[in-house]
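Please read the structure below before turning to the comments.
The values are calculated or read from the model by the stated rules, or taken from the named source; none is laboratory data. In this text the structure is predicted, and so the values were computed from the model without any measurement. Neighbour counts run over all protein chains shown; Cβ positions are idealised from the backbone, glycine included.
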Amino acid sequence: MKRKENILQFTALILAVILANLWANTLFFRIDLTEEGRYSIAPTTKNVLKKLEDVVTVQVFLEGDLNADFKRLRNAVQENLDEFRMYGSTNIQYQFINPDEAGSENERKLFYQHLVEKGLQPTNLYDNVDGKKIQKLIFPYALLSYQGRELPVLLLKGNVAASAKEKLNQSIEALEYELISAIKNLTQTQKPAIAFIEGHDELDASQTADLTETLTQSYLVDRINLGETTLDGYDAVVVAQPKKTYSDLEKYRLDQFIMKGGKALFFIDAVQLNLDSIPLGGAYCFGYDLGVDELLFRYGVRVNQDLMQDLLMQQILVNVGKFGNEANLQPIPFPYHILFNKFANHPTVKNLNAISGRLVSTLDTVKADNIKKTPLILGSRYMRVRRMPNLVTFDELKADLDKNMYKQQFLPMLYLLEGKFTSLYKNRVSPDGSQVQKESLSTKIIVCSDGDLLRNDINKKTKQPIPLGFDQLRGQTYANKELIQNLLAYVLDEQGIIATRNKEIILRPLDDVRIKEEKMQWQLINIVFPLTLVMIFGLAKYYWRMKKYGK
């Protein structure tokens, strides 16, 4: 009888365990116990993944013989993709590929060339192996494919001013955004429409070619003349360095577009300066009369007719004389061409590389009710401002740059405005006789005091556009294009995917000094002490058994 009861109890226990497991399979939850939530993904990311209708294939080329830091980046990519699969299920497929696995040297070169043709640019990895410095090419990229379309994603990003470990950490922080934004771009069925305004000597198609090519992956990009048509059907407009005055009708159409909830990005040069005239006795700078100033003033920002100078500057080529029969071009520090490397705590600028600015004016905020004003990009702690009109001479460029003359600091060059704006035509008659909408829906406006921020240079030999933000003298690419992409993503993305850029992973480095001083102590604690405890426990148990059972 007792035996039957035991069997029944055991059978009931087994059945209970089986039923508990079946019930648990119907539940789904994950608990992230890390302080900063490094293994969690945002709700907006989960929503995008759950709505996938077909398979997204991710090929990651960060594989092979990597050093410890890049292995950490590689593992972080896999952790993110594993998390994506939890919500995207079988619609997320990934594989890691070692570009060096090709059989022969020739096959490896052909594979490298194949990756470059797809937009994956290699990075030189320097390492120290057995006291010898070695160099190898790696491809820190992922290539995403969806229904025949492909999109490369750079996995190694960050600010060049950061240390190697900090830059790597910044790259890991940005992984979720980089991957999910690429998935969204590939899978979205309807793209937002963007209009670049023409008709006032704005930057032309060749001067914005690199930016436009990138934006067409996510948006429908058009160029329109405000004097000929309205902005109906567009989600955002870009005013890119106008040099002629806007008519009253054009200002009205732009104003009413914003009143209806449209997003606007203004990149305004308040002052014109001909750099080629500097060696010829100096260049006289004077302000533009663009007509959009009163629009921006009503919305809460004023672009001043002055120029910033900053000790964190770039160089320009200046003809300092003749070298034989040829011009003698020399790179000279130019405080009017600034590297902006101080950013607000905002997802659009988090972990960005430096921004290249040319002939940048100051911005002031003015009273505008119910408008939130956020300065996103600021100069360094050593700045000064020159009021215009004024003269910029060659002697000024040759003068020693005394930091005591640069007493201003952290001047903003780009503002984000958010809220419900008041129309410039609130108490006016509309130019075309239509009814004026006096207050806007909730919307967003970007105002930048540098029209060159989105202008790419043109290669004089090939006549092809040079990548936006590329400094030909330093061979360094700054983050101008990434900034524009982030700004557009922020003002147009109603799902809020851009907020995932706020993810933060805290570095907790060990104290190198204490490691050296206390190395032996911690080795003893971690190795010898546990072994000693086990031996003491074993001996104690042995003598206890001897005493108990010895008789």
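Being in the same structural domain as Val491 (by TED's automatic domain parsing), touching a strand residue (DSSP E or B) at 6+ places or on another chain (Cβ under 9 Å) and farther than 22 Å from Ser356 by Cα is a property that does not hold for Thr462. With respect to the stated conditions, Asp306 fails to be more than 16 Å from Gly451 (Cβ to Cβ), surrounded by 18 or more Cβ atoms within 10 Å (Cβ to Cβ) and in the same structural domain as Val429 (by TED's automatic domain parsing). One residue stands out among those in segment 384-416 that are hydrophobic (A, V, I, L, M, F, W, C) and over 31 Å from the mean Cα position of the chain (by Cα): the one that is nearest to Gly261 (Cα to Cα), which is Met388.
Applying the criterion of at least 3 residues that are modelled with pLDDT of 90 or more to the strands (runs of 3 or more DSSP E) found wholly in segment 226-336 leaves 236-240, 263-267, 301-303, 306-310. Among what's in segment 108-126 and is under 24 Å from Ala76 (Cβ atoms) and hydrophobic (A, V, I, L, M, F, W, C), pick the residue that is modelled with the lowest pLDDT. The residue in question is Leu125.
Among the residues of segment 42-56, write down those that are outside any helix (DSSP H, G or I) and either outside the structural domain of Glu178 (by TED's automatic domain parsing) or crowded, with 17+ Cβ neighbours inside 10 Å (or both). Give the steps one after another, and end with the answer.
Step one: list which residues in segment 42-56 are outside any helix (DSSP H, G or I), which gives 42, 51-56.
Of everything in segment 42-56, those that are outside any helix (DSSP H, G or I) and either outside the structural domain of Glu178 (by TED's automatic domain parsing) or crowded, with 17+ Cβ neighbours inside 10 Å (or both) turn out to be Ala42, Leu52, Val56.
Of all the residues in segment 435-455, those that are in a loop (DSSP other than H, G, I, E, B), surrounded by fewer than 21 Cβ atoms within 10 Å (Cβ to Cβ) and touching a residue at least 40 places away in the same chain (Cβ under 8 Å) number 5.
Restricting attention to segment 417-430, the residues that are under 30 Å from Asp450 (Cβ atoms) and either more than 30 Å from the chain's Cα centre (by Cα) or surrounded by 21 or more Cβ atoms within 10 Å (Cβ to Cβ) (or both) total 7. Within segment 499-519, residues that are within 17 Å of Leu73 (Cβ to Cβ) and at pLDDT below 75 have Cβ atoms under 8 Å from residues that are polar (S, T, N, Q) and part of a helix (DSSP H, G or I) in these pairs: Ile505/Asn169; Leu507/Asn169, counting only partners at least 6 apart in sequence or on another chain. Within segment 135-178, the residues that satisfy the criterion of being surrounded by fewer than 17 Cβ atoms within 10 Å (Cβ to Cβ) and modelled with pLDDT of 85 or more are Ser145, Gln147, Gly148, Arg149, Glu150.
Counting only residues that are crowded, with 18+ Cβ neighbours inside 10 Å, more than 19 Å from Leu120 (Cα to Cα) and either hydrophobic (A, V, I, L, M, F, W, C) or not assigned by TED's automatic domain parsing to the domain that holds Lys165 (or both), segment 57-92 holds 4 of them.
The residue list Ala205, Ala182 contains one member that is of a type in the set (Gly, Ala, Ser) and not in a loop (DSSP other than H, G, I, E, B), which is Ala182.
Out of all the residues in segment 103-119, is one or more assigned by TED's automatic domain parsing to the domain that holds Glu178, part of a loop (DSSP other than H, G, I, E, B) and of a type in the set (Ser, Thr, Tyr)?
yes
Scanning segment 175-218 for residues that are in the same structural domain as Leu249 (by TED's automatic domain parsing), out of contact with any strand residue (DSSP E or B) (no Cβ under 8 Å at 6 or more places or on another chain) and among the small types (Gly, Ala, Ser) yields one hit, Ser218.
For segment 127-134, the criterion of being at pLDDT below 80, surrounded by 14 or more Cβ atoms within 10 Å (Cβ to Cβ) and assigned by TED's automatic domain parsing to the domain that holds Gln95 is met by at least one residue.
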